[in-house]
1. Pull out all pairs, ordered by first then second residue, where Cβ-Cβ is under 6 Å, the residues are six or more apart or on different chains, the first lies in the stretch 491-520 and is under 23 Å from GLU459 (Cβ atoms), and the second is hydroxyl-bearing (Ser, Thr, Tyr) and open to solvent by less than 20 Å² (accessible area, probe 1.4 Å).
2. State all residues of the stretch 717-734 that are in contact (Cβ under 8 Å) with a residue 60 or more places away in the chain and outside any loop (DSSP other than H, G, I, E, B); if no residue qualifies, say none.
3. For the stretch 128-162, what are the residues that are assigned to a loop (DSSP other than H, G, I, E, B) and open to solvent by 40 Å² or more (accessible area, probe 1.4 Å)?
4. If I go through the stretch 265-302 residue by residue, how many of them are within 25 Å of GLU189 (Cα to Cα) and in contact with a strand residue (DSSP E or B) (Cβ under 7 Å, 6 or more places away or on another chain)?
5. Taking the stretch 414-444 as the search range and keeping residues that are of a type in the set (D, E, K, R) and in a loop (DSSP other than H, G, I, E, B), which one is modelled with the lowest pLDDT?
6. Which pairs have Cβ atoms under 9 Å, sit 6 or more apart or on different chains, and link a residue in the stretch 826-842 that is closer than 19 Å to TRP876 by Cα and modelled with pLDDT of 90 or more to one that is part of a strand (DSSP E or B) and small (Gly, Ala, Ser)?
7. Would you say LEU662 is over 22 Å from VAL792 (Cα atoms) and touching a residue at least 12 places away in the same chain (Cβ under 8 Å)?
8. I need every pair where a residue in the stretch 401-412 that is closer than 12 Å to ILE504 by Cα and modelled with pLDDT under 75 has its Cβ under 9 Å from the Cβ of a residue that is open to solvent by less than 10 Å² (accessible area, probe 1.4 Å) and not in a strand (DSSP E or B), sequence separation at least 6 or different chains.
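The values are calculated or read from the model by the stated rules, or taken from the named source; none is laboratory data. The structure displayed is predicted, hence computed values, not measured ones. No Cβ is skipped: glycine too gets one built from the backbone with ideal geometry, and neighbour counts run over all protein chains shown. These area figures cover heavy atoms from the full protein model, side chains too; ligands, DNA and RNA do not enter into them. Shrake-Rupley method; radii C 1.70, N 1.55, O 1.52, S 1.80 Å.
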Amino acid sequence: CVCVCVCRSLIYQHRWVKLDAEYLRYFDTEKDVYSKRIIPTVSITGVVNVGEQKFEVVTHNRTFLFRAECDSERSEWVTVLKSCVRATSLDVTFNPCVSYEMRGYLELRGLRSKLYTVVCADKVFLYKNAEEYRLGIGITSIDMNVGNVKEVDRRAFDLTTPYRIFSFVVYWGVFVDQWVEAMRNSIAEALSNYEVAERIWAEPSNQMCADCSAAKPEWAAINLAVVFCKRCAGEHRGLGPSISKVRSLKMDKKVWTEDLIQLFLALGNERANQFWAANVPPSEALTLNSSSEERRRFITAKYREGKYRRYHPLFGNQRELNNALCINVQSSDVCETLALVFCGAEVSCDTGDPELASPIALAQHHGQNLQVEFLTQNRNTELPRSEVKVSIDRVHYMAPPSVTHNGFLFKTASMARPITEKKGKEEFSRRWCVLNDGNFSYYESDKNATPNGGLKMKEIVCLAVNPPETHGYDHTFELYSDAERLYLFGTDNPETMREWVKSIAKSFIPAAAEDLLLKDFERIGRLRYKDRLNREMSRLGWFCLVGSSLHIRLEEHTTDETIDLQKLLELSIQPENEVLVLVERGRTLYIEGERKLDFQGWAAAIQRAAGSTGDTLSQQQLTEADIPVIVERCIHFTTQYGLTSEGIYRKSGVNSKIAALLEEFRRDARCVWLKEGEHQVDDVSNVLKRFFRDIEEGLFGQAADSWLSATVFSEESSRICQYRLLFSNLPRVNQATLRALVNHLYCVQRFADLNQMTLHNLAIVFGPTLFQADGQDYSAGRVIEDLIQHYVTIFDVNEQQLQKQLDEITYIIKLRDNLTPKAGTGSGDFICTVYLEEKKETAEQHVKIPATMTAAELTFEILDRRKITVKEKDYWCCFEVNEKEELERPLHCQEKVLPIFHSLGTDSHLLVKKHFSMEAMLVYLASKVEVSKHGMMKFREERSLLGLSTGSFNDRYFILTSTSLRLYKEIRSNRPEREWPVKCLKVYQGIKRKLRPPTCWGLTVFYENEKQEKQERQQWYLCCDTQNEMREWFATFMSIQSGGRVWPAEWLKSRAANHSVPLDARFGNVSLIPLRGSENEMRNSVAAFTADPLAVSLISQSQPGSANHTANHTALCSQTQ
């Protein structure tokens, strides 16, 4: 590097010049990164001295004149340049970017002219024009290892480096994506690691593509042991990973273990092609210039069909192939193993040695690591489809040829989407169906010889049996094919369906998983899976769903595994990559569908099975300890926040909240998390009681009468023995649940000095609840009292563990007392004015609104005050109305009222009225398979100029999805002009008339961003052509923002339950027995104790007036219980 003067138009300019093995460049200053001119050294034809301190650099199209600072420096430059010229061979057609990825003219912002831009390997070259590109004389080159590409708009993108931002403008917008992709590929090339590639290329035959002979191939199929170029790699990917596992030599470094690299060196393209390409006709061979279609045809024939392979002498003899494989894997001859495997030898065949049961185990035992690597990579590889007519057993499609069956079935047309509605009998056609030799065919009648259609058993990925009466025919089943088609068949005869299901399942389930066929399955088929230990590569497994149990036969496993879906810790779907995640204790399983259609069916079925499948205890979602999730979470919440609550389990909660929470638990208890502030202790405690009162067969099951009879024993020890015997005979889930509940009640009564719930109080509450009795007989209460009092003895409890539990609870109570300030009774409540049906004085209602009140509860309160009877199709809602803006919004039933009330302006109010469009909205939403919408609407954005609103309505295309609302200028637009997250939008019905909207059917939308540092609020308007269209858009918005729960299914029941409960639940109902007082007063206050000898003796000692007091409470007891 040195400063020299460059002659331009006979004027010398001072430049900093650099020379390296490839280029001669000059820069404005020595600090510049990007040159003013770049001259490839191979294009230099000569270097000549031309006077004092001057010399010429001659290329084949022009001459560059330089002047050094002194003669000695000039001589040094000339000497070095001449040595470079001698070291390189001149090529007048030289082009430094002959393997370019993208080239063309781009405008560089800041320059007046266009530049010819070339993306080549890991660099981007800039030329003045195409002629200079052809001659190789450029302006500068940009190293892409420090670059980053970002699209700016539809015609421009930025190439950012640490030294400069190159802002390019494309003259044809459709090429922007291609330019950006090319530059991003160049960045990936620059960041690639050539270490693996260099090692693989050390084998000479690996330096040429195995398919088209292109130089320096950078991709490989790790199971086929061949290396190929980028263009052939695209066609290999099209074969699918079951045939060709495509990996990069430069980017997938983690895949390339030392054994895999050595395998590629041992085989090499030459030896691999001695098998794969042994019989390629010259007319079908690929060249460097072969088209994509020619490459696809050749690669499919070569690897999928095995058209050109060298057939092994044992081809067609399965037993001999397997024997030969077992013998050969003990040697180092990997080429022979490749020929055996891809001619039909089974990678997982039985070796006959119980200690070394597979060829892989044999190879490992004899230290043949390359054999182990090759066999492992081909454990799931699909064998070539032979043109020779011999039987080849395939690992995943082993169908017993003896399965045959025929008969009439009723069939619908095949579908490409899940069935979401009931199919009537008129939609089925009677067909004669035949299953034979792995083919399922259906004919117009049993007289026809030509089938109407059919399925190969190897194409079936799933078989699902529908519950009876799902469709017009009572018994139906579904077949899912790998071509994304669903076939529905039906019959009225259960035996007929059972025989067909058994025969079809036996035809496509492999012998390794045949144990699954013995189960009474609802769904069976193959899925891909990953586990926590190996998330890089998915493997094949066979899955069978029976009730709430998922039976699995995984790769390399000799026995079935079973997952109890009701005991999962977590069940979720990753929608972005369609993966079902099942989390157990100590294990996570990721399930992928081979196709989207069958995955949707599996996901829905598993989610249903993981929920509550019935009304008994054992059919609930369970914890690992066999306790219903609803019981465990209610107990945990009450223990954490309710043990100091006076009258816990005695005071009533808000019935609407109790019903709603109970419904959430019944829908999916695993997704319900009880939180302080969102849920009230009295509501949760009543949910627990109602659950036990409603559960089918009760907690004590069919032996409930035996438990009650145990109270006849006068001796305490006799009763305890009887309880222990009865407890040991309870079902497993009932035992675990009873133990957990009594443990909780024992802890509650230990803190009776705080909550006033003594042993006797708890017995009165839970006796009738757990035995589902009317409360008139105290036997139920006596059983519960005995269970709590003798908890340690009856349940064999470790007293040290119990004391530790009580100490922990005491610590929690003290900690909460220290952290929680004491609040007044009425803190957090506000008085709000709400109107009924219209805003006028006679319709005013003043309501006290606590922080937890929802819109549904407020609506209930208003309707109850006015004693309005609600019919089944009446949809009463609370609306937020803004008179100034001439718009309104129905509040969602679960929306909290208090925040809305605080946000209301002087021109806004709350109004309770019927929602006349709700029924039409619900019908519309029920008819949709996916909650999304798109279409044209007239759009106007609220803008202000000098205090005046400006703008007009323009046609725009909108797409509303579950996450965002996107605005496009027109239907054909590729990129949205605007995009808003749905969760940040608030949508109102109506538009101000002074804006002169083109129609009266409009929506007003407010957008508020979530960033704290920059509060932004936008307002804009949407106009629809019809009322139905506006209603559909608004319904879709509501459905997305409410998670699909636009209107509660049990609304009328919730209102009826709420009708008898005071609004302010903190005061509760009148207690069944006094929370404070002596034991005698408590016993005397309840008529249910009359059957208790102890209670009778206490009553007899009381004053005469106590009888009336007891009678009054009898009515309260019967009403509340």
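1. MET497/THR491
2. Once the filter is applied, which keeps residues that are in contact (Cβ under 8 Å) with a residue 60 or more places away in the chain and outside any loop (DSSP other than H, G, I, E, B), the stretch 717-734 yields ARG719, ILE720, TYR723, ARG724, PHE727, ARG732, VAL733, ASN734.
3. LYS128, ASN129, VAL152, ASP153, ARG154, ARG155, PRO162 - these are the residues of the stretch 128-162 that are assigned to a loop (DSSP other than H, G, I, E, B) and open to solvent by 40 Å² or more (accessible area, probe 1.4 Å).
4. Selection size over the stretch 265-302: 1.
5. The extreme case among them is ASP437.
6. none
7. yes
8. Close Cβ pairs (under 9 Å, with a partner that is open to solvent by less than 10 Å² (accessible area, probe 1.4 Å) and not in a strand (DSSP E or B)) amount to VAL403/MET457; VAL403/ILE504; VAL403/SER507.
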